[in-house]
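Report on one structure; see the data block that follows.
The values are calculated or read from the model by the stated rules, or taken from the named source; none is laboratory data. Computed from a predicted structure; not experimentally measured. Every residue, glycine among them, receives a Cβ derived from its backbone with ideal geometry; neighbour counts consider all protein chains shown. We work out accessible area using only protein heavy atoms, side chains counted, and drop any ligands, DNA or RNA first. Shrake-Rupley method; radii C 1.70, N 1.55, O 1.52, S 1.80 Å.
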Amino acid sequence: MKAAFAQLNVSFEDKEKTFVSAESLIKTAAKNSCDMIFFQEMTLTGYTMNTASVKESDRYTAGLFSKAAKENNIAIGFGWVEAAGDKAKNMYTVLDNNGKVLTEYVKIHPFSYAGEDKYYVCGDKECRFEYMGVKFGLAICYDLRFSYIFGGDYDIMLIPADWPRSRADHWLTLLKARAIENQSYFAGINRAGEQNGNTALFAPDGSLLDKSDSAQGIICADISPDTVSRIRTDFPVR
């Protein structure tokens, strides 16, 4: 299965303008024969505490990406903000190539250092799903620091994020460590920009397969469950 990991420029809190850029990357991934494309946390708004302005009860963002999935015959993962009473949910949705929901996840660990927990409720369920014979896990940004949620059987873990470049060493180190610990692919999907970047994919043995700089674009890779099985068989630490 061939996957694309997008690094998207965000027009802050402007969903329509940002979606134009996202759609361009979707088309690029489809032209490169990718089966799936994944975007960063809060894909069309950027990481924001302005929940009153961006939260949705009508699944507007999901509608945009569902149409794009069908038109481009590609599965899409994206982040958005769902209304939850006075607060909101930091959501991530994955659609199949027909625009139907494969899975949805609520961030378990809001980034309390920045006060995210004051505006967003905590999720309480880990996320695992399967598509095209590949087993996936899913967590969001700050979740990466909490190793206990990464147990279980999966071939690749997705970490959509809005992780600052000032802590890039933490980002890359933790992605690598989690890949080694779990003997799975780990994909860190970050936003583009001078303050972000470093979208990266690590192999199940912890080797770096690909990494972006700060520019908008995609990285593509074949995700092989056979590679995961071979590494776990050759070095059975689980």
Given pairs Lys67/Lys87; Lys31/Lys135; Lys89/Lys135; Lys70/Lys100; Lys17/Lys89; Lys27/Lys70 and cut-off 19 Å on Cα-Cα distance, the over-length ones are Lys67/Lys87; Lys31/Lys135; Lys89/Lys135; Lys17/Lys89
Per residue, how large is the accessible surface of the chain? Use a 1.4 angstrom probe and give square angstrom.
42 Å²
Between Glu194 and Asp222, Cβ-based FRET efficiency (R0 41 Å, step 0.05) works out to 0.85
Could you tell me whether the stretch 58-104 comes out rounded, prolate or oblate from its Cα gyration tensor? Rule is a ≥ b ≥ c as square roots of the eigenvalues, rounded for a/c under 1.5, then prolate if a/b exceeds b/c, otherwise oblate.
prolate
What order, most packed first, do the peptides 175-186, 45-56, 158-169 have when packing is the mean number of other Cβ atoms within 10 Å of each residue?
175-186, 158-169, 45-56
Tell me, what % of the accessible area of the chain is carbon and sulfur with a 1.4 angstrom probe?
48 percent
Between His170 and Lys31, take the C-beta separation as r, use R0 = 25 Å, and let me know the FRET efficiency to the nearest 0.05.
0.15
Please work out whether the stretch 115-181 counts as rounded, prolate or oblate from its C-alpha gyration tensor, where a ≥ b ≥ c are the square roots of the eigenvalues and a/c under 1.5 means rounded, while otherwise a/b larger than b/c means prolate and anything else oblate?
oblate
For every helix of n ≥ 4 consecutive DSSP H residues, a contribution of -39,500 (n - 2.57) applies; sum these over the chain, divide by its total residues, and give [θ] at 222 nm rounded to the nearest 500 deg cm²/dmol.
-7500 deg cm²/dmol
Cα centroid of the stretch 63-102 to Cα centroid of the stretch 178-208, whole Å:
22 Å
Got the relative contact order for the stretch 1-159 handy, in percent, Cα pairs under 8 Å and 6 or more residues apart?
16 percent
Rounded to the nearest 0.05, what FRET efficiency do Asn98 and Ser53 give with R0 = 22 Å and r taken as the Cβ-Cβ distance? Could you check?
0.10
